[in-house]
Amino acid sequence: MDKWLLEQIQKITPEEQSYLDGKEQVNREIYTRKESFEIDCQLFLKQGKLLTVRQHSRFIEFPEHKHNYIEMVYVCTGEIVHYIDGKVLSMQAGDLLLMNQNVKHSVKRAEMTDIGINFIALPEFFDIPLQMMRRQNVIADFLLGTLQQNNTVPQYLLFELKDQKYISNLMENMISSVVYDSENEDVINQYSMGLVFLYLLNNMNKLAHNSSQSYEDVVIQAALRYIDSQYRTAVLSRIAEDFNLSLSAVSRMIKKNTGFTFVELLMRKRFQKALMFLVETELPVEQIAANIGYENLSYFYRQFKAHYGVTPSRYRAEHKNDPQIRI
C-alpha cells in the first residue's frame, strides 16, 4: 500500500482516542439517531455523493448492528474479524467482504495495525458496475438483491484475495480518491468498482463465504440455473469460464453434488421439455427436437427411445391424455 495513504488511515481518530482513554462502549451517536443500532449512511456521506470510505474504529468491541446501505469492508493490514449469524469470518490483508442492508454483524476489537476500510455506498453507486458485468453471476445477483425493496434476506460475499495485486491496487485507488476528495470521484470509483467485480468473477475460487452457501453450492446452483434457462445451447465450458475453473473440476463438482454428469442433467432438462411439447402440443417431432437443442434428428430419436423405450410419436399417442408428465 502507498506509504502516504497508509500513514493517513493509520492515524488514531478522536473516537478511537476516547476508547484508548477508557470509554468502554461504542459512541452510538456517531453512527445512528435510532434506538436500534442501524448505522445511517447520511451521517457519513457528503451531499450528492454516492460513496465514501471510513476506517473501521479500533480499540473497541463493535456490537451487533446493521446498515441502511451496502457496506464493503476491505482489509489493508492486519486482521478484522466479523461475527455473522454464528459464523466467524476472519479477514486478512487484501480480503473483501460485501454485505447487504439486512446483515446483522458484530466486529472483534481491532488493534493498532488492524486497518479495515468500510466502503459506504448507496444502491445507485452500483448502476455502472452492474452494466459492466452484463451476464448473470453471483455478484450481479447479490447487487440486484440489494435493490429489491421487499428483500429482507441477509446476504454477504467474502472473497479471500490476499495476493491479488490488481484488485488491491483498484481498492487503494478508490480509498485515495475519497481521502483526496478528487474531482469526479464518484464516476471514477464506479468504473473502478466495476473492474474490481470483473476481476472477482475471474477469481470465483476465492469466494470463501456466500451467506449460508459453500463455494461448491454457488457453482452447482449457477449450473442448474444455467441449464434451466439455456438448455437449448448450454455447454459445460460456459460454467467453467464463469467460475475460472477447469472443465474437469466443474464436471467433478456437478457429479459429486447432483449424482449426474452435466450431459445427463442437460438431457433430463431437454427431455422434460420434449415430453411437454409431445403431450401438450401438436408440433411435429422434428420441430420439437430443434426447439430443445437437438440439430441431429436421428440422435434425438435414438436417445429418446433409449430413455423411454418407445419413439417420440409412440409416447405422444400413449400419453396424450395423461394428467401429469413423468420424466
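The values are calculated or read from the model by the stated rules, or taken from the named source; none is laboratory data. Keep in mind the model is a prediction, meaning the values are calculated, not measured. Methodologically, a virtual Cβ is constructed for each residue, glycine included, from the backbone with ideal geometry; neighbour enumeration extends over all protein chains shown. The area values use the complete protein model at the heavy-atom level, side chains included, leaving out ligands, DNA and RNA. Shrake-Rupley method; radii C 1.70, N 1.55, O 1.52, S 1.80 Å.
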Completion exercise
By the Cα gyration tensor axes a ≥ b ≥ c (a/c under 1.5 gives rounded; else a/b larger than b/c gives prolate, otherwise oblate), the shape of segment 133-205 is oblate
Exercise for the section: State, as an integer percentage, the relative contact order of the chain based on alpha-carbon contacts under 8 Å between residues 6 or more apart. Expected result: 12 percent
Exercise for the section: Over the alpha-carbon set of segment 61-220, work out the extent along each principal axis and list the three values in angstrom, largest first. Expected result: 39, 38, 30
Exercise for the section: Could you name the lysines whose alpha carbon sits less than 29 Å from that of Lys49, not counting residues in the same chain fewer than 8 places away? Expected result: Lys3, Lys11, Lys34, Lys66, Lys104, Lys165
Problem - Quotient of Cα Rg and 2.2 N^0.38 Å for segment 28-106, N being how many residues it contains - result: 1.10
Completion exercise
DSSP beta bridges in the chain: the antiparallel percent, rounded to 5, is 95 percent
Problem - Sulfur and carbon atoms: percent of accessible area, the chain [1.4 Å] - result: 48 percent
Problem - Sequence-distant lysines (8 or more away, or on other chains) whose Cα lies within less than 16 Å of Lys162 - result: Lys206
Problem - Gyration tensor (alpha-carbon) shape descriptor, the chain, a/c threshold 1.5 - result: prolate
Completion exercise
Looking only at lysines whose Cα falls under 19 Å of Lys273's and that sit 8 or more positions away or on another chain, we get Lys305, Lys320
Exercise for the section: Would you mind getting the accessible area per residue of segment 180-255, heavy atoms of the protein chains only, 1.4 Å probe, in Å²? Expected result: 49 Å²
Fill in the blank from the handout: FRET efficiency for Thr261 and Tyr199 from the Cβ-Cβ distance with R0 = 30 Å, rounded to 0.05, comes out at 0.45
